[in-house]
Amino acid sequence: FTAGQLGFAFPPSYGTALASRALLGCGDAMTFISVLRLGTRWFPARRGPLVAQLAGLVGMAGNLVSTLVIARLLHGVGWTAAFAGSAFAGVVVLVLLLLFLKDHPEGHEPEPIPHQGAAYVRRQIAASWREPGTRLGLWVHFTTQFPAMVFLLLWGLPFLVQAQGLSRATAGELLTLVVLSNMLIGLVYGQIVARHHTARLPLALGTVGATALTWAVTLVCSADHAPLWLLVVLCTVLGACGPASMIGFDFARPANPPERQGTASGITNMGGFVASMTTLFLIGVLLDATGDDYTIAFSAVFVLQALGVSQILRLRGRVARRERERLVASRVETVHVPA
């Protein structure tokens, strides 16, 4: 992260800036998966869903705060100083982590795992992928995350300003609403899943359905400019996409032993980003092909949602059977443990 921010502060060329952005992506991937892995070591399994949602909530809070601060700094001190300051903040965080962060509580060291290079990694990936829970987690993440990502990362602002005629300030407030909604709904989803394990799939599919319905109504009304209240509803519903995507990890986590938790989380985490990058590209192509017809271009969202839902429905039965088998096995082991 720090190297990427520093490179972005002093880019001598477009290529350097692009490489710096790639470093930021690497930092994001390694940081998020590591946070989830730390959560499984520091908290009991029943708190896993809430801890994951809290991790996402804090990340979105940082997103919101840094966006507001960086935006003001850019206007105040300029590009180089703003991003160099951000890189310095990364150094501060790194020092704090080195001083205070521990991989596990005292006395709870995990069993040592003999790592065997690339062959070991391939076996871990293959074993994780064979678990239906890992694949279901990937498709839940794939189907739920990308509508909000597409809206926040690129196409939301031009849609609101160019297609809906809003000012950039109003559009910015609506994008901020997505982040605030994400933080609030994340707390609710975390509590529900932690207390009611069977609510995972209804919450994920319900979020997909609500997103598709709100998106469809907005696109139908967008030809004559959708009313502001409808855009507020859309951004509020899009805020549920991030928390719903975190449910994918709650399918992958119980399907894999502790030594594969990081691998399974990494596979799951790929889903939403593959869907997001695909949709970002498709919308751009369709906008070029249709002369900036956002109704047709944004319809690409429904195609990927349909694909994801079909895979979720295909895998849900297998995952339910595997989870029942593991539950029965754990009860049998408990019964046979000597007093």
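The values are calculated or read from the model by the stated rules, or taken from the named source; none is laboratory data. These numbers come from a predicted model, not from an experiment. No Cβ is skipped: glycine too gets one built from the backbone with ideal geometry, and neighbour counts run over all protein chains shown. Calculation scope for accessible area: heavy atoms of the full protein, side chains included, ligands and nucleic acids excluded. Shrake-Rupley method; radii C 1.70, N 1.55, O 1.52, S 1.80 Å.
Observations
- Length added when fully stretched, ARG47-SER66, from 0.36 nm per residue minus Cα-Cα: 4.0 nm
- With Cα atoms, 0 to 90° folded angle of helix 200-221 axis to the chain main axis: 10 degrees
- Angle in degrees between helix 48-76 and the longest Cα principal axis of the chain, rounded to the nearest 10: 30 degrees
- Where Rh is the Kirkwood radius over Cα pairs, Rg/Rh for the chain: 0.99
- Near-label residues of segment 117-161 by backbone N, under 15 Å of a point 7 Å along Cα→Cβ of THR290: 155-156, 159-160
- The charge dipole of segment 30-155, taken about its Cα centre with unit charges on the Cβ atoms of Lys, Arg (+1), Asp and Glu (-1) only, comes to about 260 debye.
- Of LEU54, LEU74, LEU177, the residue with the greatest mean-square motion in the GNM of the chain, using alpha carbon springs below 10 Å, is LEU74.
- When the P(r) is computed for segment 127-209, the part past 21 Å accounts for 45% of the Cα-Cα pairs.
- In this structure, VAL161 and PHE281 have a Cβ-Cβ separation that, at R0 = 22 Å, corresponds to a calculated FRET efficiency of about 0.55.
- Rounded if a/c under 1.5, otherwise prolate or oblate - segment 84-184, Cα gyration tensor axes: oblate
- Label-reachable residues, segment 161-192, where backbone N falls under 12 Å from a point 7 Å from HIS225's Cα toward its Cβ: 161-167
- For segment 1-149, the equivalent ellipsoid derived from the Cα gyration tensor has semi-axes of 32, 19, 18 Å, listed largest first.
- Efficiency of FRET from Cβ geometry, HIS197 and GLU109, R₀ 22 Å, rounded to 0.05: 0.20
- Cα-derived Rg to Rh of segment 159-244, Kirkwood definition: 1.05
- Student exercise, the chain dipole from Lys, Arg, Asp, Glu Cβ charges, in Debye to nearest 20: 1020 debye
- For segment 191-339, the spherically averaged projection of the C-alpha convex hull amounts to 11.3 nm².
- When the charge dipole of the chain is built from unit charges on Cβ atoms (+1 for Lys and Arg, -1 for Asp and Glu) and taken about the Cα centre, the candidate among LEU138, LEU153, PHE298 whose Cα reaches farthest toward its positive end is LEU138.
- When +1 charges are put on Lys and Arg Cβ atoms and -1 charges on Asp and Glu Cβ atoms, the dipole computed for segment 274-326 relative to its Cα centre reaches about 780 debye.
- Over all distinct Cα-Cα pairs of segment 21-92, the Kirkwood formula returns a hydrodynamic radius of 14.0 Å.
- Accessible area, probe 1.4 Å, largest first, for residues PHE83, PHE43, PHE298: PHE43, PHE83, PHE298
- Label-to-label distance, LEU153 versus ALA89, with points set 7 angstrom from Cα along the beta-carbon direction: 2.2 nm.
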